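Nothing in this text is a laboratory measurement; each read-out follows from the coordinates by a stated rule. Just so it is clear, the structure is predicted and the values come from calculations on it, not from any experiment. Because the Cβ atoms are built from the backbone with ideal geometry, glycine has one as well, and the counts that use them run over all protein chains shown.
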Amino acid sequence: MSARPAAILAVLALALAPAPVAAQGVDLQDRLSKVRVVEEQNRLGVEVATDAGTRTLSPEDFVRAIRKAQEEQRANFLYALFNITTPWGILWVSVGFLGQALFTFRMVLQWLVSEKHKRSVVPVGFWWGSLFGGMMLFAYFAWRKDIVGIVGQSTGVFVYARNLILIYRHQRPPEELEESSRGA
């Protein structure tokens, strides 16, 4: 196989890979954003940006690295289940699950308090669960480089924080509110 089709095959293999892969010190979690095909002395290579600098692999070495990482991932059930490539990935997935649990808890809390009062009530815990759950999910989506999740969580965090500010501002005695408005 000539070098040009091999390099194209390598980039396509990366783009269509079922999961992010890491091997031989090359983190391919970023997929194509840090990979490009280069030509030096009439030979093609695959340039990969890493934390340690840029590495240039032959197309064959690049495909071997992908295959090795995929084999390693398939050998580890948790890595395949959570679509991760390093032990740190387990920590990030845990952050995501905890954030989702907090986000779910807020709705259950609101439902239980509303049932108790026989009317719709939004307790303060709802906003705290929203804030911390939203921040944790935002961090998780940022790690995953998931733009839909990042955008979805980024705006809500400001709303949750603002509601908490409004709640606690109105819990202060009226005299304290007057003093703080005069000092501003």
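Remarks
- Diffusion coefficient, µm² s⁻¹, Stokes-Einstein with Kirkwood Rh over alpha-carbon pairs of segment 87-183 at 25 °C and 0.890 mPa s: 163 µm²/s
- Computed about the Cα centre, the dipole magnitude for segment 87-183 is approximately 260 debye when only Lys and Arg (+1) and Asp and Glu (-1) carry charge, each at its Cβ.
- Applying the Karplus relation 6.51 cos²θ - 1.76 cosθ + 1.60 with θ = phi - 60° to segment 93-108 yields 3J(HN,Hα) values of 5, 5, 4, x, 5, 5, x, 5, 5, 4, 5, 5, 4, 4, 6, 5 Hz, where x marks Gly and Pro.
- Unit charges at the beta carbon, dipole of segment 87-183: most positive-side option, 112, 171, 155: 112
- Scaled against the 2.2 N^0.38 Å expected of a compact globular protein of N residues, the Cα radius of gyration of segment 67-112 reads 1.61.
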